[in-house]
Each structure stands twice: as structure tokens, then as C-alpha cells.
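Everything below concerns the one structure shown next.
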Amino acid sequence: MSVNWFTVAAQIVNFLILVWLLKKFLYQPVLTAMNKRQQKIQDKLEEAATLAEAAEKEKKQYLALQEATRNRGKEELLQARLDADNLRKKLFQKVEAEAETAYVSWQNELSDEKSLFLKQAGVQVAQQFQRLAQSAFRNLADADFEENMISRFCALITKHDSEADFFRQQQNPDKLQVFTAFPITRSSQDAIRETLWRRLASQPEICFQLEPTLIAGIRVSSNDHKMEWNVHQYINDFQNELERFLS
Amino acid sequence: MKYSPDLYILFDWGWGQINATLLFTWLIIILMTGGSWWITRRLSCSTTISAGQNLLEVMVQGMVDHIEEITHRSAHHFLPLVGTLFLFILVSNILGLVPFFQPPTGSLSTTCAFALLVFVAVPAYGLTTRTVSNYLGEYIRPTILMLPFNILGEISRTFALAVRLYGNVMSGTVIGIVLLIITPLFVPVIMQALSLLTGVIQAYIFALLALVYIASAMEVEKKDEG
């Protein structure tokens, strides 16, 4: 075991050369490459951080926009509900008004129909009554209903003063019109004419006309005045009774 | 049987000799430099690198981390010296497994040269952070009576550094040769494996101790500054 000092010196030089060579060909290139890569990674990380920051910013903006949209949606929904409520109220009022109008119209139509019905019913009843009376008189009493009515009419004009107003208003009339619901005979016409002349104490012209709307009865008219002897009052009573029954 | 490669003389000029130690040292230098140049000639800075570059980066980064862990300083000033010490001793010891290869670390001249380098490097690194008086003052602290002991300590640790490495490598080589003579089969293989492990450990220990000595020489300055 001995030390060769020439070898020691040579090894020192060799080692220092190796240090220089490795520094040039190993440490510096490797460390430079590593530093560059680290820098590159650092740049990428910074870029990623920047992107993440931008993404976070965009996220916040998006969330704010979403919140604003949600709030606007709520406001619009509230407004839409208010509008719908107002529209519903308006439509309801309109429908109510239309229903009221329709109800009033229907009530009027019903009233008209009721009046028409009562009128037609009264006429029908009177006509039936007339026919019934005619048949009854003819079959049961061998009498004529119309003739009896005319006789009774003439008797009432003569005996009673119930029609005094009519005759009091007639100051020598020129013409009187006698309407009957049924055709009357010549003798009946003469009887009526004689009775009226006698009652008026004058002899105006008397015309006889057929008036089916009278149903059963006689009407005497002069100018604006008239006198009736028919079943009109009975029909009115019947119509009132029927109307009370229907309502 | 020659125990040291110094004994294999190739050229002799009287004032100097070219022996196997120098020859194999040059061989290792060429091998390491050539290998480094071959791998680092096309280094990639991307995240995808070759296996060779990866191996070099792992090795260099490992040394850097280790140095910074021990010295608590940037490794760039220490890496060329300490890293080259480690790599040279490591490669030399590993190549000792190759038949007919005489590891230069099995030469006391080589280990002495390395020890002397460390001996010079310690004050050199220490004086980069401290004044001369401050550095030399360490030898007379706490009292001037400690001066001879401190000088002796410096010399002895340098001597120990050289002898430890030489002894381990040389003994491994000698034991291998002896075992090869006594039991040529199997046993020498096991011993060679152990020799490889010893070589790696010795490389690590030498570099580590050198680093500790240098770091301790600089560490005092930090305390003074604190």
C-alpha cells in the first residue's frame, strides 16, 4: 500500500477535467432542460390559472345573468298573472253583462210568449165556449144562442140604464156600426135597429158588419165611442186566473 | 497478485508513470463524458422525454434534492464537485465487476487525490461565505489549545476519507480474487454482488461526507450571521 504522488497529481487533474466535462455535457444541459420544462409547465399552469380565472369570471357573469333572468321571469310571471286576473275579471264582467242581457231578453220573450199564449188561449176558450153554448142551447133547449144573446142585448138596452153613458154621448149620430161575431138574420137586424132607434130617439143609419175577433158578442160604435156586449170580460178574467196559475 | 492498479505500469519516464489507474480513469472519463454527450445532445424540453434523458434527469434531480436537503442552499455550486465525485466513484466501482477492469478507486493514489480535493474544497467553499479570520478562528475556538486537535481532526478525517474508500474497494477486489482461487463457482458471484452494493454505498458515503464537511464549513457563517 503506497501512494504514487505522480498518480495523485494526475488524478486530481483528471478529476478536475471530468468535473469540467460533466458540467458542460451533463449538469448544465440537464438542468437547463429541466428548468425550461419547469418554466414551460409553470407557464402552462399560469395560463391555466388565467383561463380558470376567466372561466370563474364568466361563471360569475353567467350566474348573475341567470339570476337576473330568473328575477325577470318572476316579474313577468307576476305581471302575466295580474294581466290574466284583470282579463278574467273583464271577461267575467262581460259574460255577466251578456248573461244579464240574455236573461232580460229571455224574460221579455217569455213575457211576450206568455201574453200571446194567454191571448190565444182566451180566444180558443171563448170560441170553444161559444160552440159549446151554441150546441147546448140547440141540443138541450132547442134554442139559438145568438138569437138569445141579441134578445138579451136588446132587453138590456131597453130596460136598464147600464149603457147610459154611451147613449148620452150620442147626440143625433148620423151613423152607427154594429159588429157581431156571427152572422145574424134579417129579423135580428131589424130588432136591433128598432131597439137602437127607440133608445136614441132618432133614426141614424145602422150598418151591420161581421167581426170574428169579438168571438161571442156585439159591439156598437159611433165615432170614438163604443158599447160592447160580449164575453170579453170573461175572457180577461180567465186569462188573469190562468196567468196567476202559470206564475 | 497485484492489489492496486498503480502497480500495473504501462509507461515509465522516471519522473512519472502511466499505470492502470490512470488508464482506467481516462477510460471512465471518456465513457462518462461520451455517454453524457450522447444522451444530452438532443434533450427535449417537452413533457415527453426519452428513457436515457429520464434516467439522467432523475439522477441529477436526486443529487440536487439531496444536496439542498443537507446544505439548505442552492445545489448549483456543489453539484459539479460532489456530483462528479459520486458518479465517478459509482461508475468506477460498478465497472469493477467487469473482468480485467481495475477500478481506479482501488488505488490509494486516487482516493488520496479525491481526499485532497475535498480537503482543499472545504475551506474554499467556506471562504465563499466567510472571512479568512472568521474561518481560521474556528480552529482556536473555544480556546487556542484546540488548534492542534482541530488540525489533527482535519487531517485525520481527510485520511479516513481516502483510506475508507480505498480499503472497501481494494478489499472487495482482493476477496473476490481469493474466493475465485478457492471456490471458483457461485461464491465469487455472491461476493461480486455484495461488492457492487458496497461500491454504491461507498460512493454515496464519500460524496455525502464531502458534502457534510463543506456544508459544515459554510454553516458556521450562517450562525454568525444569525
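The values are calculated or read from the model by the stated rules, or taken from the named source; none is laboratory data. In this text, all values refer to a predicted model and were calculated from it rather than measured experimentally. Positions of Cβ are generated from backbone atoms using ideal geometry, with glycine treated the same way; all protein chains shown enter the neighbour counts.
Observations
- Scanning region A:139-157 for residues that are under 15 Å from A:Thr185 (Cβ atoms) and either at pLDDT below 80 or part of a helix (DSSP H, G or I) (or both) yields A:Phe145, A:Glu146, A:Glu147, A:Asn148, A:Met149, A:Ile150, A:Ser151, A:Phe153, A:Cys154.
- Scanning region A:220-241 for residues that are crowded, with 19+ Cβ neighbours inside 10 Å, outside any helix (DSSP H, G or I) and either without any contact (Cβ under 8 Å) to a residue 40 or more places away in the chain or within 48 Å of the chain's Cα centre (by Cα) (or both) yields A:Asn230, A:Val231.
- Test: residue in region A:185-208 that is under 53 Å from the mean Cα position of the chain (by Cα) and among the hydroxyl-bearing types (Ser, Thr, Tyr): no
- Residue satisfying all of: in region B:92-117; touching a Leu at 6+ places or on another chain (Cβ under 7 Å) and surrounded by fewer than 24 Cβ atoms within 10 Å (Cβ to Cβ); modelled with the highest pLDDT among these: B:Ile94
- A:Leu176 vs. criteria part of a helix (DSSP H, G or I), farther than 30 Å from A:Ser111 by Cα and not charged (D, E, K, R): no
- Selection within region A:189-219: residues that are of a type outside the set (S, T, N, Q), farther than 14 Å from A:Ile150 by Cβ and free of Cβ contacts under 8 Å to residues at least 12 places away in the same chain. The member of this set that is surrounded by the fewest Cβ atoms within 10 Å (Cβ to Cβ) is A:Ala201.
- Residues in region B:7-30 that are more than 18 Å from the chain's Cα centre (by Cα), surrounded by 18 or more Cβ atoms within 10 Å (Cβ to Cβ) and in a helix (DSSP H, G or I): B:Ala20 alone.
- Only residues that are facing chain A (nearest Cβ under 9 Å), not hydrophobic (A, V, I, L, M, F, W, C) and not in a helix (DSSP H, G or I) were counted in region B:32-54, giving 4.
- Boolean, B:Glu57 is facing chain A (nearest Cβ under 10 Å) and surrounded by 15 or more Cβ atoms within 10 Å (Cβ to Cβ): yes
- Residue ID - surrounded by the most Cβ atoms within 10 Å (Cβ to Cβ), chosen from residues in region A:18-49 that are within 14 Å of B:Met32 (Cα to Cα) and more than 7 Å from chain B (Cβ to nearest Cβ): A:Lys24
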